[in-house]
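The values are calculated or read from the model by the stated rules, or taken from the named source; none is laboratory data. All figures in this text were calculated on a predicted structure; none of them were measured in a lab. No Cβ is skipped: glycine too gets one built from the backbone with ideal geometry, and neighbour counts run over all protein chains shown.
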Amino acid sequence: MNEITLHNQWVVKAPINDVFRIMTDFEKFPEHFPKVAESIQINKREGNYLEMDATVRSFGKKFQVKMKTQILPGKGFISDNDSYQFGTSGHEELLFSKHAKGTLIDYTYQVTIHKKWLGIIAVPLLRWYSMKYWEKAVIDQLKKTLEK
């Protein structure tokens, strides 16, 4: 198995509450971020704990992902995700904090690649491509929505 950690930080010129509201409205993710989310269905909700089935887009394909997510009120969320179809699982943290120019978004995704053949090509591809794509498809879109 190959394990990699993806990490980046961005600043969005908007209050934390506005960033939090959009980034934790999972059912509307496909509307806000159609390049990465085709659908998200919440199957179970107990307070701030959610279990969801998502159809996500990556590398020009669609993949099913099971998500077990904890919303951290006003701070973001953490999520354990499994994509048996793609052959990965991971722990994702999207955390928000105040910044002089708005909100600092701190994103970490620890990915485990379960398919040996996938590890050969996926590690360099994930490191290089996925964060750039996520920034363009999510962060840039969030900035367009919130920064006025």
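Can you tell me which residue within region 80-117, out of those that are of a type in the set (Phe, Trp, Tyr) and modelled with pLDDT under 85, is surrounded by the most Cβ atoms within 10 Å (Cβ to Cβ)?
Here is the first cut: in region 80-117, the residues of a type in the set (Phe, Trp, Tyr) are 84, 86, 96, 107, 109, 117.
If we keep only those that are modelled with pLDDT under 85 as well, we get 84, 86, 117.
On the way: 84: 12, 86: 20, 117: 9.
Out of the qualifying residues, it is 86.
If you go through region 8-34, how many residues are surrounded by 15 or more Cβ atoms within 10 Å (Cβ to Cβ) and not small (Gly, Ala, Ser)? Can you show your working first?
Keep residues of region 8-34 that are surrounded by 15 or more Cβ atoms within 10 Å (Cβ to Cβ), which gives 10, 12, 14, 16, 18-20, 22-24, 26, 29-30, 32-33.
Among the residues that remain, those that are also not small (Gly, Ala, Ser) are: 10, 12, 16, 18-20, 22-24, 26, 29-30, 32-33.
So the count comes out to 14.
In region 31-39, is there at least one residue being modelled with pLDDT under 95, of a type in the set (Asp, Glu) and touching a Pro at 6+ places or on another chain (Cβ under 8 Å)?
Yes: region 31-39 contains one or more residues that are modelled with pLDDT under 95, of a type in the set (Asp, Glu) and touching a Pro at 6+ places or on another chain (Cβ under 8 Å).
Which residue is modelled with the lowest pLDDT, if the candidates are limited to region 43-57 and must be within 24 Å of residue 146 (Cβ to Cβ) and surrounded by 14 or more Cβ atoms within 10 Å (Cβ to Cβ)?
In the first step, residues of region 43-57 are kept if they are within 24 Å of residue 146 (Cβ to Cβ); the result is 48, 50, 52, 54, 56-57.
With surrounded by 14 or more Cβ atoms within 10 Å (Cβ to Cβ) added as a condition, the list becomes 50, 52, 54, 56-57.
Details: 50: 98, 52: 97, 54: 94, 56: 89, 57: 83.
Among residues in region 43-57 that are within 24 Å of residue 146 (Cβ to Cβ) and surrounded by 14 or more Cβ atoms within 10 Å (Cβ to Cβ), the one modelled with the lowest pLDDT is 57.
To keep it simple, each residue is scored yes or no on (1) in contact (Cβ under 8 Å) with a residue 12 or more places away in the chain; (2) closer than 17 Å to residue 138 by Cα; (3) assigned to a helix (DSSP H, G or I).
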position: 21; (1), (2), (3): no, yes, yes
position: 40; (1), (2), (3): yes, yes, no
position: 45; (1), (2), (3): no, no, no
position: 56; (1), (2), (3): yes, yes, no
position: 63; (1), (2), (3): yes, no, no
position: 67; (1), (2), (3): yes, no, no
position: 71; (1), (2), (3): yes, no, no
